[in-house]
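The values are calculated or read from the model by the stated rules, or taken from the named source; none is laboratory data. Please read all numbers here as calculations on a predicted model, not as lab measurements. For neighbour counting, all protein chains shown are included, and Cβ atoms are generated from backbone atoms with ideal geometry for every residue, glycine included. Areas reflect the complete protein model, heavy atoms only, side chains present, ligands, DNA and RNA absent. Shrake-Rupley method; radii C 1.70, N 1.55, O 1.52, S 1.80 Å.
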Amino acid sequence: MTSVRDDHVKVHVRLEVDEEGWPPASVESLWAVDLGDGTVRLDNTPWFVRGVASDDIIRVDVDEEGARWAGETVRASENCTIRLAS
């Protein structure tokens, strides 16, 4: 994604790092469109988060600093995320 429109927000997803240090981050941030009802539609493909894909509708919780944190998937899209590693 090269540009983000004004209706896009960042949604943060907590990641569990294994004993070997994978993934290399404890949080991944994804672009999403705020649907205005406590949910967002993911608008980019995750690198590390498993179980979600672009266009999924996700419930979010907003913390005291205004950051949006991903919760449950409300509606899965028909998209999938496939990772290839060599």
For this session: Treating only the Cβ atoms of Lys and Arg (+1) and Asp and Glu (-1) as charged, compute the dipole magnitude of the chain about its Cα centre; round to the nearest 20 debye.
Result: 280
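Which net charge results when you count Lys and Arg as +1 and Asp and Glu as -1 among the other residues whose beta-carbon is under 9 Å from that of ARG68? List each step's numbers first, then the result.
Numbers: positive: LYS10; negative: ASP34, ASP61, ASP63.
Taking every other residue near ARG68 into account, the sum is -2.
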Seminar exercise, completed: For the pair TRP47 and LEU35, the simple spin-label estimate (label points 7 Å beyond Cα toward Cβ) gives in nm 2.7
Exercise. How much of the DSSP beta bridge set in the chain is antiparallel, as a percent to the nearest 5?
Worked result: 90
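Label the stretch 42-86 by shape, choosing from rounded, prolate and oblate, from the square roots a ≥ b ≥ c of the eigenvalues of the Cα gyration tensor; if a/c is under 1.5 it is rounded, and otherwise prolate applies when a/b is larger than b/c, oblate when it is not. List each step's numbers first, then the result.
Numbers: a/c = 2.96, a/b = 1.66, b/c = 1.79.
In terms of gyration-tensor shape, oblate.
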Problem set entry | Carbon and sulfur %, accessible surface of the chain computed with the full protein complex present, 1.4 Å | 47
Exercise. Name the GluC sites (Glu not before Pro) in the chain that are in a loop by DSSP and that have at most 13 other C-beta atoms within 10 Å, would you?
Worked result: GLU16, GLU19, GLU20, GLU64, GLU65, GLU78
Seminar exercise, completed: In order over the stretch 58-73: 3J(HN,Hα) from phi, Karplus 6.51/-1.76/1.60, θ = phi - 60°, whole Hz, x for each Gly or Pro, gives 10, 6, 10, 10, 9, 7, 5, 9, x, 6, 8, 10, 5, x, 6, 7
Exercise. If you roll a 1.4 Å probe over the heavy atoms of the protein chains, what accessible area per residue do you get for the chain, in Å²?
Worked result: 71
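In the chain, once you exclude exposed trypsin sites (Lys or Arg not before Pro) (DSSP loop, at most 14 other Cβ within 10 angstrom), what's the longest stretch remaining?
Details: sites that count: ARG5, ARG50, ARG83.
The longest such stretch corresponds to 6-49.
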Problem set entry | From phi via Karplus (6.51, -1.76, 1.60), per-residue ³J(HN,Hα) for the stretch 30-44 in Hz, x at Gly/Pro | 10, 6, 8, 9, 6, 8, x, 10, x, 10, 9, 10, 4, 10, 8
